[in-house]
Amino acid sequence: MEISPEKLDWRQAYKLLTGSILPRPIAFVTTVDSKGIANAAPFSFFTAICADPLLICFSPMRRGSDGAKKDTLNNIENTGQFIINIVNEEIAKQMNDCAIEFAPDIDELEQVGLTKVQGCKVSVPRIKESLVHLECELYQVLHFGDQPGAGSLVIGKVIHVHIHDPLFDRGRIDTEKLRPIGRMAGNRFTEPLGKTFEMIRKQKPND
């Protein structure tokens, strides 16, 4: 099969992306609006950029119905702050429920029964039931169109990290205790700790 992206509508192109780039980690992003109302939404276009400075990024797409910016992006542009809450197995259902398009004045965390805990260095709540939180200041945002299917790249500088104590061992996070989930295509997600294997990276071509 040979496909030319310019011949696809955005929904077809989206399905190709989400069916090819997987499994994807999930950024469960909390923000607040100008009135202090909390917002929580999941994004699976999410990854790390570099360690010095400590930068992460995620990509909120424009709303498919009218091309409008989503509440998360509006809030980040207005306040310059957000928190990435890593999604573990225990909060998978609540995370998924937060993908519903609630009205801007609705606090999603209250609606789905998650607990808000104030951030340490940003004025944004983190999710108590999540086991790792990355408090971020907006580093840069890039926009790629304003039509349905377009999106933005939000780059955040991590300025504080919360880790549930039992997870942290000699400077590393214990994946088996974190039990993160991932996003697949359509409505499918990965279960935590599926079958894994180890490969040692070679130091030289002949090692």
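The values are calculated or read from the model by the stated rules, or taken from the named source; none is laboratory data. Only a predicted model underlies this, so the values are computations on that prediction, with no experimental measurement involved. Neighbour counts run over all protein chains shown; Cβ positions are idealised from the backbone, glycine included. Surface areas here come from the heavy atoms of the whole protein model, side chains and all, with no ligands, DNA or RNA. Shrake-Rupley method; radii C 1.70, N 1.55, O 1.52, S 1.80 Å.
Could you list, in sequence order, the residues of the range 20-59 that are more than 30 Å from Lys195 (Cα to Cα) and open to solvent by less than 50 Å² (accessible area, probe 1.4 Å)?
Hits for the range 20-59 are Thr30, Thr31, Val32, Asp33, Ile37, Ala38, Asn39, Ala40, Pro53.
Under 9 Å between Cβ atoms, which residue pairs at least 6 apart in sequence (or on different chains) link something in the range 185-201 that is under 21 Å from Ser44 (Cβ atoms) and modelled with pLDDT of 90 or more with a partner that is among the basic types (Lys, Arg) and open to solvent by 100 Å² or more (accessible area, probe 1.4 Å)?
Here the result reads Ala185/Lys15; Gly186/Lys15, each pair linking the range 185-201 to a residue that is among the basic types (Lys, Arg) and open to solvent by 100 Å² or more (accessible area, probe 1.4 Å).
Hey, can you tell me all the residues within the range 60-76 that are in contact with a strand residue (DSSP E or B) (Cβ under 9 Å, 6 or more places away or on another chain) and open to solvent by 70 Å² or more (accessible area, probe 1.4 Å)?
none
If I filter the range 141-176 down to residues being assigned to a strand (DSSP E or B) and among the small types (Gly, Ala, Ser), which single residue comes out as nearest to Trp10 (Cα to Cα)?
Gly151
Taking only the range 155-181 into account, find how many residues are within 30 Å of His143 (Cα to Cα) and basic (Lys, Arg).
The total comes to 1.
Which residues, counting only those in the range 87-108, are of a type in the set (A, V, I, L, M), under 17 Å from Met61 (Cβ atoms) and touching a residue at least 40 places away in the same chain (Cβ under 8 Å)?
Correct list: Ala99 only.
Kindly list the number of the only condition in (1) open to solvent by less than 50 Å² (accessible area, probe 1.4 Å); (2) farther than 16 Å from His160 by Cα that fails for Asn96.
Here Asn96 clears every test but (1).
Return the total of residues in the range 111-122 being open to solvent by 50 Å² or more (accessible area, probe 1.4 Å) and in contact (Cβ under 8 Å) with a residue 60 or more places away in the chain.
1
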